[in-house]
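Q: This structure is in structure tokens; I'll ask about it shortly.
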Amino acid sequence: MSLAKDTPAKMAAKGIALVAFLFMLHSGYSAREFLLYSKSIGRQDLKLPIEIVLECLGALAVMTVAIVVGVGELKPISYEAEMKRYSVDGIYSRPSFQVFNHRGRFLRPLEAVSPVAKK
């Protein structure tokens, strides 16, 4: 996707998604630091503070909405929509349908296949 096609709303959504991602990274770092601190002081209850959990969930919700808004127009994924672009002749003439190494060589005797005749 080129930047020329991005509307200001899409660019704002991408910026918001980036900020939300940074908040998610911060909440992950805070959770790790809290767990390390809790283990170092010998605390047995390793329950995360509600602030860290809310920061992570809020950032996830904001990032999800921003990505959905900023993604733009979606393409159809149906088989019919994809096959409208091709003709039947173009589909069946692809090199992937041409098989050169198949089991037919095992159905004929080796003498008939080998170019050098046995004496």
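Q: Report the full-extension gain for the segment M11 to L54: residue separation times 0.36 nm, less the Cα-Cα distance, to one decimal in nm. Intermediate values should be presented prior to the final figure.
A: Details: separation 43, 0.36 × 43 = 15.48 nm, distance 2.60 nm.
Value of the extension gain: 12.9 nm.
Q: How far apart, in nanometres, would the label points at E82 and Y29 be if each is projected 7 angstrom from Cα along the Cα-to-Cβ direction?
A: Rounded to a tenth, the inter-label distance reads 4.2 nm.
Q: Calculated FRET efficiency, S38 and T64, Cβ-Cβ r, R0 41 Å, to nearest 0.05? Numbers along the way, then the final one.
A: Working: r = 30 Å, r/R0 = 0.72.
Between S38 and T64 the formula returns 0.85.
Readers should treat all values here as calculations from the given coordinates under stated rules, not as data from a laboratory. These numbers were taken from a predicted model, which means no experiment stands behind them. Please note: Cβ atoms are built from the backbone with ideal geometry, for glycine as well, and neighbour counts cover all protein chains shown.
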